[in-house]
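Rule-based calculations on the coordinates, nothing more; no lab input. Note that the coordinates shown come from a computational prediction; the quantities given were computed from them, not determined experimentally. Every residue, glycine as well, gets a Cβ built from its backbone with ideal geometry; the counts of neighbours run over all protein chains shown.
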Amino acid sequence: MLGYVTINTNGGATNLSGKVVWTKLAVPTNSYYPQGFSDSLDVLGAGMLSTTYPITDSAHTNNLTVTLADGDLATPINITGIWIDKSNQVRGYSTNSPGVGSPSNLRISPGHLLTGLFVNPTTGLTNTFQIGINQITSEGFGEFTSATNSGTAHLH
């Protein structure tokens, strides 16, 4: 990985942002990614606030959406209507993918990760996702892994 990350400490909070490039050279004899790959990734982060609640602004805890995309998904999956209560319980969500059904086991971990499971409509397999939540912006980014690919997970 190679890139630049800007650390901003204005206003007493520490935030970081930037872009990195993750490259793996092609090695035809390797079992994984023999053709190699190159992917540009956005980096976003913030200092962790001392609170048990993952999102500090209650105005941003209602009507959140998780979008799962890329990997081996033919079309993105949107999990909408999410709200997070003061006990870190995830409530009231639905999905745009009838073949998937409602995602199960959506929860907030002690490390402020939103985690969950979904059935991939392309493969029929159950996949997991994890999203790191930025307490200041109420936004998060993460990934899911499938049998042969990884995809993006975005809380917004």
Amide H to amide H, which residues 5 or more places from L106 or on other chains are under 5 Å from it, using H placed in the peptide plane?
L117
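In what sequence do V5, V90, V43 fall when counting other Cβ within 10 Å, fewest first? Each step should come with its number before you reach the end.
Values: V5 12, V90 20, V43 15.
Ordered by Cβ neighbours within 10 Å, fewest first: V5, V43, V90.
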Could you give me the ³J(HN,Hα) list for region 15-28, computed from phi with Karplus coefficients 6.51, -1.76, 1.60 and θ = phi - 60°, whole Hz, x at Gly and Pro?
10, 9, 7, x, 9, 10, 10, 10, 10, 10, 5, 6, 9, x
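Based on the mean of other beta carbon atoms within 10 Å per residue, what is the order of 36-42, 72-78, 138-144, most packed first?
On the way: 36-42: 10.7, 72-78: 15.4, 138-144: 19.7.
Result, highest mean first: 138-144, 72-78, 36-42.
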Once you treat every alpha carbon in region 1-47 as an equal point and sum by Debye, what is log10 I(q)/I(0) at q = 0.18, 0.30 Å⁻¹?
-0.62, -0.98
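Counting Lys +1, Arg +1, Asp -1, Glu -1, what net charge surrounds L2 among other residues with beta carbon under 14 Å of its beta carbon? Walk me through the intermediate numbers first.
Numbers: positive: K19, K24; negative: D39.
Cβ neighbours under 14 Å give a net charge of +1.
Going highest first, how would you order 122-131, 62-71, 21-30 by mean Cβ packing within 10 Å?
Details: 122-131: 15.9, 62-71: 17.5, 21-30: 10.5.
Most protected by this proxy first, the peptides run 62-71, 122-131, 21-30.
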